[in-house]
Each structure stands twice: as C-alpha cells, then as structure tokens.
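Nothing in this text is a laboratory measurement; each read-out follows from the coordinates by a stated rule. Worth saying up front: this structure is predicted, and the values here are computed from it rather than measured. Cβ sites come from the backbone with ideal geometry, for glycine too, and all protein chains shown count toward neighbours.
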Amino acid sequence: MDSLQVVTFPHLELAADPHDRVGERRADEAWLAEAWASPETRVLVVAGSRVRPVDGTVPWVSAADVPGEGTRVLLGEREGRVWFAHVVDEAYAAGEGADGWVGIRDLLPHLAGAGVEQAPMVFHAIGLAEWLRATRFCPRCGGHLEPRLAGHELECVECHRRQFPRTDPAVIMAITAGEPGASDEVLLLGRQDVWPAGRYSTLAGFLEPGETLEDAVRREVAEETGVVVGEVTYFGNQPWPLPSSLMLGFRGRARSRDISIDGVEIQDARWFTREAMREETAAGTLVLPGGVSISRSLVEDWYGGPLPGSW
C-alpha cells in the first residue's frame, strides 16, 4: 500500500473565520437602519430558502437592490462591513424566473474555493430563512407570528409566545472493525436505493429525546445494519442547514461484523478495506460524499489521506 498523506479535513473550510453575529445589535433599530442604509452593506436575497448564484458566486448585493417586501435578517459584521439576508416569499423566485434558484445542497459547489469564506454567513442566512418559511403560526394558539430581533425571534400577535430558531442534532459516524491501522481494518458504509450506482456514505441519524449522542450512534448503526457498536469517540461537527441540522461526527468500534440491512433507511451496507476503497474510488465504482461534508472528512480520516471522486 502507498504511503498515506496527512489529512486536512475539508469540511472545516466551511466553518473557518466565522462572522461576528453582533447579537447585541439585533434590538437596536437605529443601528440597524443606519447599517441597512450604508453603501458598504451587503445583502443576500433568499426566496423561501433558495438563492440565485450569479457567475458561479453567491450574489451579495447592496440594500438598494433588494425587493421591497421581505424580512430583514441581520447576519453580522465581517471585513469591516455589515451583512444581512433579505428573506422574501418563495413566489418571488417564480416571478423572477425559477431557473437558477437553488437550495443549499446545490449551492455548496459555489461555496468551494473563492466563496468558502462566506459559507458561515450563507449557512446562517439560509438556516434562518428556512425556519421563517416553515414557522408561520403559533403552536400554542394558532395566531400569526411576526419577526423580532432582526429575524432571530418570532412573536405571536395573539398570546405573545415567542418562537426561536431550532437546530436538530444528528449523529454521523465512521464505524470500524479490526486492528486500528492494520491492512485488514475495515470501515462500514451504507447506501440508499435512490442514490446512483456505486454511491456509499457513512451512516447517520437523528438524536431522539432522552438519548446521549453516543447511544444515538449505537442505536442508528444497529437499526440500519444490525452491527453492534461498543466504544464511541467524538470527531467533530458541521452546521448543515438541510434544513436545520447540526451534524455531530463520531468514530465507533464495532463488536461484530455481521450485517443485517433494515431495508427502510438503507438498502445496502459493506465493509471496506483501505485497499478496496482506493481501488474502487480510482476506478469510479465507489463514489464517496463530497469534500465539503463531514462524512468525507470521517472517511479520509480513517483512510489516512485524500481519495479521488465525490458526489
């Protein structure tokens, strides 16, 4: 086997150098108005939870160039200027011509490279836009909700109960078996029927009430593949606004290698050696998650270096 390279985790690029969210300014209407009027301010127009890239980049514009009606969302300060999102109804995208408006998953390639430093602000904007789009009525009385604190709270006009943005924790895990680092050590990957042939990924699932993160790893792996997991250790995390998740990465050691597919969430699972993974990715018969995902980082951390091909 070729010597392995030192791994740098590509998913961390999307969280590097985050903006200052200046939460103390969200209730300062005078400051917000002044910032909005500044020619230096930049705004991202979000229709529903979709944006329209221009020339392969995220289309930040001046406040003077945004549609008249919408919810002004303060993102924060970065590079000596203030950044906002302007959230409009998703019908706006249809009125402008639906072509070219994309969700966050299709936007990720536009955040690679030159746009990567804007990723935390884009995630912030689309995550809040999705929450505003989905949260229309008070869960207590059914009353209408109005935005407060520069788009970071919603208040019922009837009972005044406040709603806050939610983030759903999800675990994603690299499950291994065998002697760590040995040539016959294996990594467990699964696939869904709706994926193209050859596409595999690390297993993942949502945390349930009253459950620890480590137990969620063990439960999800057992439910989906029948594999029993023992030791679980933390790897890292990644905001993933699809629509409102935080992916919490873990490494886990399997106590068994017997696979029993649930047939519901995944339709196939396999153990891969490093040699098999290298050969199959080089041949294009194995397609791994994209480089900006924490799943890719988990795989390459185990493998020991970068691998070709992604989706």
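Here are a few things to note about the model shown:
- Relative contact order of the chain, taken over Cα pairs closer than 8 Å and 6 or more residues apart, is 19 percent.
- About the Cα centre, charge dipole magnitude for the chain (Lys/Arg +1, Asp/Glu -1 at Cβ), debye: 300 debye
- Our summary gives region 167-303 a relative contact order of 33 percent, counting only alpha carbon pairs under 8 angstrom and 6 or more residues apart.
- Evaluated with a Cβ-only charge set (Lys, Arg +1; Asp, Glu -1), region 12-134 carries a dipole of roughly 180 debye about its Cα centre, given to the nearest 20.
- When peptides 46-53, 275-282, 180-187 are ranked by their average number of other Cβ atoms within 10 Å per residue, the highest-first order is 46-53, 275-282, 180-187.
- Residue-wise HN-Hα coupling along region 237-242, computed from phi with Karplus coefficients 6.51, -1.76, 1.60 (Hz; x: Gly, Pro): 9, 8, x, 9, x, 10
- Distance between the modelled labels on Thr233 and Glu265, one decimal in nanometres: 2.4 nm (7 Å Cα→Cβ projection).
- Of Ala16, Phe84, Gly103, farthest towards positive along the dipole that unit charges on Lys, Arg, Asp, Glu beta carbons give region 12-134: Gly103
- Beta bridges per DSSP with both ends in the chain, % antiparallel, nearest 5: 75 percent
- Counted residue by residue at 0.36 nm each, then reduced by the alpha carbon distance between them, the extension gain from Val157 to Ala134 reaches 6.5 nm.
- Sequence-distant contacts, meaning Cα pairs under 8 Å at least 6 residues apart, place the relative contact order of region 186-261 at 24 percent.
- For Thr167 and Ala37, the difference between the fully extended length at 0.36 nm per residue and the C-alpha to C-alpha distance is 43.7 nm.
- Translational diffusion of region 12-134, estimated by Stokes-Einstein from the Kirkwood radius over alpha carbon pairs at 25 °C in a medium of 0.890 mPa s, is 168 µm² per second.
- For Ala47, residues with placed amide H under 5 Å, excluding near neighbours: Val88
- Ordering 212-222, 190-200 by mean Cβ neighbour count within 10 Å, with the highest value first, yields 212-222, 190-200.
- Cβ-based charge dipole, the chain, positive-most Cα from Gly305, Ser49, Ala119: Ser49
- Note on Ala282 and Asp99: the model spin-label points, each 7 Å out from Cα along the C-beta direction, lie 4.2 nm apart.
- Karplus-derived HN-Hα couplings along region 189-198 (A = 6.51, B = -1.76, C = 1.60, θ = phi - 60°), whole Hz, x at Gly and Pro: 10, x, 9, 9, 4, 6, 7, x, 4, x
- Table column - 3J(HN,Hα) (Hz), region 23-28, Karplus curve with 6.51, -1.76, 1.60, x for Gly and Pro: x, 5, 8, 5, 9, 8
- Here the peptides 292-298, 237-243 are ranked by packing, the mean other Cβ count within 10 Å, and the order with the highest first is 292-298, 237-243.
- The orientation-averaged shadow of the Cα convex hull for region 202-286, equal to a quarter of the hull surface, comes to 6.8 nm².
- Extension gain from Val61 to Thr212, taking 0.36 nm per residue of separation minus the Cα-Cα distance: 50.1 nm
- Label selected from (1) 268; (2) 161; (3) 206, the criterion being volume of the Cα convex hull per residue in Å³ as computed here: (2)
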